[in-house]
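Engineer: My structure is below; once you've seen it, I'll send some questions.
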Amino acid sequence: MGSRIGRRLHVPAFRLPAPLPRLPALRPPASSGRLHDPRTATAIGRWLGVALAVCFLTGLISHFLQNPPGWLAGYLPSRPVWGYRLTQGLHVGVGLAAIVLLLAKLWAVYPRLFVWPPVRSVMHGLERLSVAVLVASGVFQVLTGLLNIAEWYPWPFSFVPVHYAVAWIVAGSVLLHLAVKAPEIRAHWGRRSADTLTLPDARRDGPDRRALLIGVGSAVGAVTVTTVGQSFTPLASLDLLAPRHPGYGPQGLPVNRTAAAAGVTEDGLRGWYLEVLGPAPFRLTLDELRTLPQVGARLPIACVEGWSVDARWSGVRIRDLMARAGALPGSGLRVVSLEVRGAYRVMEMGREYAQDPLTLLALRLNGEVLSADHGYPARIIAPNRPGVLQTKWVTRLEVL
Ligand SMILES: Nc1nc2c(c(=O)[nH]1)N[C@H]1C(S)=C(S)[C@@H](COP(=O)(O)O)O[C@H]1N2
Ligand SMILES: [Mo]
């Protein structure tokens, strides 16, 4: 092009000037449109879709383990012991990756979010409304999730029920979006896009799109590698960005709620005894509990916030205490903490947990007497269970 301009500059003055050539510098690079085209949107969108599906399913698991409907409560599986560690580690890990994917996807489609006129027909208006709901609910979910793991609650509502409800809105709007966009997704899903098959090889998937996707993949990888160590112990040393580090805390275990925060004081613990209510109720002092058969188990604390870590616990089997109180086979259990107030003061467990030989009223952690912050004098530890249900500072067991 430069040479053509050069030639024009030498035309004789008496001839009518030809129309000015389009200046190459003012034209966007021929390939840049591809970064905002449906093929890029599809490429990022399918990974975002997978991430949202994983978050939704693992979120449902977490929800039902914490709030089982009555008919399900007795059937929740207490195995594998690491089950909740895996599903909640995935929920938070994939949720963090989804932040990157969502930003990349929004960047890829933003020119289409600002088309003019905003509404061309009723159908077009409905489609745009569904995209608005999808964007708003998706951004809301990943942001509230992120702030929750940082334990920062700059909003007036309760996180858990709202995060759960909005998950359904995201799921519904993703399905609607997939249905509306099905033709475009189909055209651009494969290795080659249907509408670019006629282009020469070099123009089908340019280096710019590949570079963008590699960049997005690298960002996802970086976020994952620097946070997943909070639950995936082999990578614990790379856990630079997660709010919690699995090994940091009294007795090698993080603490979410300290004894002080829960209002559990030395005064309150003076004269502590365990009360077990059932057909044959009884009480035990700490010394009496220590003389009962002690069982050891290596079990994880797996917090809903994503961090998790295995520890060695020992204490008395819950099912032995229930049997002594005359519990019928298949009974569930209510556990009450000394904690004065707080959402996790009272917890119930179904029969699968109550009967599991690894469900303990733990008195020791990693070879030492429980520290105050880990629930001294006695706490619950059970396999495959959300951290919020591993009740600390237990004072009463009630056979149900
Ligand atoms: N009574 C009581 N128990 C509780 C809590 C609480 O706030 N009150 N927090 C729970 C949460 S959210 C987690 S993740 C685990 C953490 O146990 P740890 O502090 O011993 O690591 O304790 C659980 N037990
Ligand atoms: Mo937790």
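The values are calculated or read from the model by the stated rules, or taken from the named source; none is laboratory data. These figures come from a predicted structure and were not determined experimentally. As a convention, Cβ positions derive from the backbone with ideal geometry for all residues, glycine included, and neighbour counts pool all protein chains shown. Only protein heavy atoms, including side chains, enter the accessible area calculation; ligands, DNA and RNA are left aside. Shrake-Rupley method; radii C 1.70, N 1.55, O 1.52, S 1.80 Å.
Engineer: Hey, which of the helices (runs of 4 or more DSSP H) in segment 67-162, taking only ones fully inside, have at least 1 residues that are farther than 29 Å from ARG351 by Cα and open to solvent by less than 40 Å² (accessible area, probe 1.4 Å)?
Structural biologist: Passing ranges, in order: 83-113, 122-149.
Engineer: Let me ask something additional. Please go through (1) touching a Phe, Trp or Tyr at 6+ places or on another chain (Cβ under 6 Å); (2) closer than 18 Å to GLY330 by Cα for HIS63 and return the number of the only condition it doesn't satisfy.
Structural biologist: It fails just one condition, (2).
Engineer: In segment 170-219, which residue that is part of a helix (DSSP H, G or I) and polar (S, T, N, Q) is modelled with the lowest pLDDT?
Structural biologist: Restricting to residues being part of a helix (DSSP H, G or I) and polar (S, T, N, Q), the top hit is THR196.
Here is a yes/no grid of residues against (1) open to solvent by 10 Å² or more (accessible area, probe 1.4 Å); (2) assigned by TED's automatic domain parsing to the domain that holds LEU60; (3) farther than 28 Å from ARG270 by Cβ:
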site: ASP287; (1), (2), (3): yes, no, no
site: LEU292; (1), (2), (3): yes, no, no
site: LEU333; (1), (2), (3): no, no, no
site: LEU365; (1), (2), (3): no, no, no
site: PRO383; (1), (2), (3): no, no, yes
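Engineer: Can you list the strands (runs of 3 or more DSSP E) found entirely within segment 324-394 that contain at least 1 residues being among the β-branched types (Val, Ile, Thr), touching a strand residue (DSSP E or B) at 6+ places or on another chain (Cβ under 7 Å) and within 23 Å of ALA259 (Cβ to Cβ)?
Structural biologist: Counting at least 1 such residues, we get 333-337, 346-349, 379-381.
Engineer: Further, regarding this structure: When both residues are 6+ apart or on different chains and their Cβ atoms are under 7 Å apart, which pairs have a first residue that lies in segment 246-261 and is closer than 14 Å to GLU339 by Cβ, and a second that is more than 16 Å from ligand 2 (Cβ to nearest atom)?
Structural biologist: If the second residue must be more than 16 Å from ligand 2 (Cβ to nearest atom), the pairs left are ALA259/ALA372.
Engineer: For segment 294-309, give me each residue that is touching a Phe, Trp or Tyr at 6+ places or on another chain (Cβ under 8 Å) and more than 9 Å from ligand 1 (Cβ to nearest atom).
Structural biologist: GLY296, ALA297, ARG298, LEU299, PRO300
Engineer: Can you name every residue in segment 296-320 that is within 16 Å of ligand 2 (Cβ to nearest atom) and among the small types (Gly, Ala, Ser)?
Structural biologist: Listed by number, the residues that qualify are ALA302, GLY306, SER308, ALA311.
Engineer: I'd like to verify a number: residues in segment 253-263 that are within 8 Å of ligand 1 (Cβ to nearest atom) and touching a Phe, Trp or Tyr at 6+ places or on another chain (Cβ under 8 Å), how many?
Structural biologist: Going through segment 253-263 one residue at a time, the tally reaches 3.
Engineer: Only one of ALA343, ALA323 is within 16 Å of ligand 2 (Cβ to nearest atom), of a type outside the set (S, T, N, Q) and out of contact with any Gly (no Cβ under 6 Å at 6 or more places or on another chain). Can you tell me which?
Structural biologist: Within the list ALA343, ALA323, the selection yields ALA343.
Engineer: For segment 232-260, how many residues are among the hydrophobic types (A, V, I, L, M, F, W, C), open to solvent by 40 Å² or more (accessible area, probe 1.4 Å) and either farther than 20 Å from PRO386 by Cα or touching a strand residue (DSSP E or B) at 6+ places or on another chain (Cβ under 6 Å) (or both)?
Structural biologist: The number of residues fulfilling the criteria is 5.
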